[in-house]
Structures are given as structure tokens and as C-alpha cells.
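Take a look at the structure below.
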Amino acid sequence: MDAAIPATVFGVMAAGALGAWARFLAGLAMQRLSTAFPWGTLCINVSGCALIAVTAGLAERMPGLAPFLDRDVATGFIGAFTTFSTFTVETLQLLRTRPWAAALYAAGSISAGAGGIALGRWLAGQPF
């Protein structure tokens, strides 16, 4: 077994724990503004998109840090903070080269996600 694998797994797990904690605290803080609209989720998603863009930009400018930034920061911290940021980056990457694929990916992800929620609620015996 490669000696770097346990360190890599631990790094992603530790960063993920910090990202989950940050999401919880941000959501809690945003609930104080309003409970009638999901401001916390909106702010978390938008800030996660900004964070993943900064991380990707830094990884491009500093190739030596790219593995850490991609693995620990983007996958671990930001992935636990919000997966919406990854969805957005992937959509924009597709948009650069294959706009129709980007449109299908975005529409398909949202539609399939809504379908998954409906299925999960049905399996749990709850109305949609």
C-alpha cells in the first residue's frame, strides 16, 4: 500500500469535517435573517462557487499546490461545504467546449435531483 494514501484520506476527511462544520455555522448564522426563504443555502452555494473558483485559479497558477488544493480544499472542504460549487464548475467547463452538453447536464441534474427527492420521499412514505 502506498504510504501517501492514508495521509491523503486523512487530509480529505479533516478538510471535509471543517467544511461540514463551516456549513453548519454559516447556515445557523443565516437563519437569523429569515426562515421564510433559504438564505443560508443560497449564500453557502454562492460562496462555495466563489471558493472553488479561487481554488481552481490558484491550482492553475501554482502547480505544486494543485494536488492539495484539488484534493483537500476543493474535494474535502468545499465538497462538504457545498456540492453545488462542483456542479457549477463542471457546467461552466462543459459550456466552454460543448454548450449543448452543458445545458443537458444542468437541466438533467436539476430534473434528476428533483426526481430523486420525489423517489426518496415516496420510499420513506412521505408525500412530495
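The values are calculated or read from the model by the stated rules, or taken from the named source; none is laboratory data. Keep in mind that what you see is a predicted model, and the values were worked out from it rather than measured. Counting neighbours? That spans all protein chains shown, and the Cβs are built from the backbone with ideal geometry, glycine included. Side chains are part of the model used for accessible areas, which takes the heavy atoms of the whole protein and leaves out ligands, DNA and RNA. Shrake-Rupley method; radii C 1.70, N 1.55, O 1.52, S 1.80 Å.
Which one of Val89, Val12, Ala106 is farthest out on the positive end of the charge dipole of the chain, using unit charges on Cβ (Lys, Arg +1; Asp, Glu -1) and the Cα centre as origin?
Final value for the positive-end residue is Ala106.
What whole number of Å gives the distance from the Cα centroid of region 79-105 to the Cα centroid of region 35-62?
Their Cα centres are 13 Å away from one another.
Send over a whole-number figure in Å² for the accessible area per residue of region 43-126, probe 1.4 Å.
With all protein chains present, region 43-126 gives 63 Å² per residue.
Of the heavy-atom accessible surface of region 30-86 (probe 1.4 angstrom), what whole percent is carbon and sulfur?
Using a 1.4 Å probe with all protein chains present, region 30-86 comes out at 68 percent carbon and sulfur.
Report which label in (i) 27, 21, 17; (ii) 27, 16, 16; (iii) 55, 16, 11 holds the value of semi-axes √(5λ) of the Cα gyration tensor in Å derived from the coordinates of this structure.
The listed entry that was calculated here is (i).
Towards the positive end of the charge dipole of the chain, with charges on Cβ (+1 Lys, Arg; -1 Asp, Glu), say which of Trp21, Cys49, Gly115 has the farthest Cα.
Result: Gly115.
Once both axes come from the Cα atoms, what is the angle between helix 84-97 and the longest principal axis of the chain, in degrees from 0 to 90, rounded to 10?
Taking the Cα atoms of the chain, the angle to 84-97 is about 70 degrees.
Any idea of Arg98's accessible area? Nearest 10 Å², probe 1.4 Å.
140 Å²
Gaussian network model of the chain, Cα springs within a sub-10 Å range: biggest mean-square fluctuation belongs to which of Thr55, Thr86, Thr97?
The residue that fluctuates most here is Thr97.
Hey, got the dipole for the chain? About the Cα centre, +1 on K and R Cβ, -1 on D and E Cβ, debye to the nearest 20?
For the chain, the charge dipole is close to 320 debye.
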